[in-house]
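For reference, the structure is listed below as structure tokens.
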Amino acid sequence: MVGLVDYHMHTVLSDGKNTYEEMIERAIAIGLDEIGFSDHVGLKAVDWAVSPVDIPVMTEQILELREKYRSQIKVRYGIEMDYFPGREAEIQEIISQLPLDYVIGSVHFIGDWNFDTDKSLYGKWSNDELYHIYYDLIQQAAKSGLFDTIGHLDIIKKFQIYPESDQSELIEDTLSVIKEHDLVVELNTGGLDRPCAEFTPSPEIVTRCYHHHIPMTLSSDAHGADQIARHYESALNLMKRVGFEEIATFDGRHRRAMRI
């Protein structure tokens, strides 16, 4: 694992089960070069996101641990921020107050429905319609200028929800928007442990990212220290097979490249 990063993980401040320090110590033990925290932050009061009162605690702990472990590992400060159309100014206000290295933009909500955890509204639309609604939100998120990375790009498939017809054009349009607005797509290995049992995005979309010259980074979406860098060997094999020679890294919201 030497020379690699994991930029998507959650701690006890959102919906993870370990502290920042426990996660850092595990990352050091397995040889990561960088660890990036990305606890959930959003505009909705949900129990799986950092509460507003804990945001200063999050900042203080990460910055203190960055100094404590400086000689052993690079600690990056990120957040996973939910995108809500029409509320860009509120999202920007939160982001601008934090000394972040990167911001992951994710879509977990369609209106008030959290499709990532709540299965109750599946079937309200055809899957084709649902995909168009979801990817339209992804495109709006990419155009917003708020984010550095798009999180788990095809998470709409999580519960084995697949379109009824070929949506290649929709995916191509979405990747074109992501490229136009110079965003990174994460290869989120946590998807292998979800019902879809596949990386997010899929190998097919990873290949399309390469052909669009969209940079990618690596992440596990770890919710516990035991999940850090999970399935990385398979992910690296995929990226190299497709043609990637580097992954994106971040420092102070400036993007860099690391060879793989």
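The values are calculated or read from the model by the stated rules, or taken from the named source; none is laboratory data. The model shown is predicted, which means the values in this text are computed figures rather than measured ones. In this analysis, Cβ positions are derived from the backbone assuming ideal geometry, glycine residues included, and neighbour counts consider all displayed protein chains.
A few notes on this one:
- Every residue from segment 196-223 that is among the acidic types (Asp, Glu) and under 11 Å from the mean Cα position of the chain (by Cα): Asp221
- In segment 144-157, the residues that are outside any helix (DSSP H, G or I) and either without any contact (Cβ under 8 Å) to a residue 12 or more places away in the chain or buried (at least 20 other Cβ atoms within 10 Å of the Cβ) (or both): Phe147, Asp148, Thr149, Ile150, Gly151, His152, Leu153, Asp154
- The set of residues in segment 179-205 being out of contact with any strand residue (DSSP E or B) (no Cβ under 9 Å at 6 or more places or on another chain) and within 19 Å of Asp148 (Cα to Cα) consists of Lys179, Glu180, His181.
- Hey, Ala197 among the small types (Gly, Ala, Ser), part of a helix (DSSP H, G or I), farther than 24 Å from Gln140 by Cβ and modelled with pLDDT of 95 or more or not: no
- Flag if Val50 is at negative phi, in contact (Cβ under 8 Å) with a residue 24 or more places away in the chain and not in a strand (DSSP E or B): yes
- Members of segment 184-204 that are hydrophobic (A, V, I, L, M, F, W, C) and buried (at least 19 other Cβ atoms within 10 Å of the Cβ): Val184, Val185, Leu187, Cys196, Phe199
- So Arg208, is it out of contact with any strand residue (DSSP E or B) (no Cβ under 6 Å at 6 or more places or on another chain), at pLDDT 95 or above and either surrounded by fewer than 16 Cβ atoms within 10 Å (Cβ to Cβ) or charged (D, E, K, R) (or both): yes
- Checklist (1) among the hydroxyl-bearing types (Ser, Thr, Tyr); (2) surrounded by fewer than 19 Cβ atoms within 10 Å (Cβ to Cβ); (3) farther than 21 Å from Ala141 by Cα; (4) at pLDDT 95 or above applied to Thr11, failing item: (2)
- The set of residues from segment 218-231 being closer than 12 Å to Val185 by Cβ and either out of contact with any Gly (no Cβ under 9 Å at 6 or more places or on another chain) or surrounded by fewer than 20 Cβ atoms within 10 Å (Cβ to Cβ) (or both) comprises just one member, Leu218.
- Residue check: Tyr83 meets all listed conditions (1) touching a residue at least 60 places away in the same chain (Cβ under 8 Å); (2) surrounded by fewer than 17 Cβ atoms within 10 Å (Cβ to Cβ); (3) of a type in the set (Ser, Thr, Tyr) but one, namely (2).
- Among the candidates Ser126, Ser120, Ser106, the residue that is without any contact (Cβ under 8 Å) to a residue 60 or more places away in the chain and in contact with a His (Cβ under 7 Å, 6 or more places away or on another chain) is uniquely Ser106.
- When the residues of segment 108-143 are filtered to those that are touching a strand residue (DSSP E or B) at 6+ places or on another chain (Cβ under 6 Å) and buried (at least 20 other Cβ atoms within 10 Å of the Cβ), the one that is farthest from Ile214 (Cα to Cα) is His108.
- Number of positions in segment 29-47 that are free of Cβ contacts under 8 Å to residues at least 12 places away in the same chain and either part of a helix (DSSP H, G or I) or surrounded by 14 or more Cβ atoms within 10 Å (Cβ to Cβ) (or both): 1
- When each of Ser168, Ser234, Ser176 is tested for being under 18 Å from Phe147 (Cα atoms), surrounded by fewer than 19 Cβ atoms within 10 Å (Cβ to Cβ), more than 17 Å from the chain's Cα centre (by Cα) and not acidic (Asp, Glu), the lone residue that passes is Ser176.
- Condition met for Thr174 (assigned to a strand (DSSP E or B) and either in contact with a Phe, Trp or Tyr (Cβ under 9 Å, 6 or more places away or on another chain) or under 26 Å from Asp39 (Cβ atoms) (or both)): no
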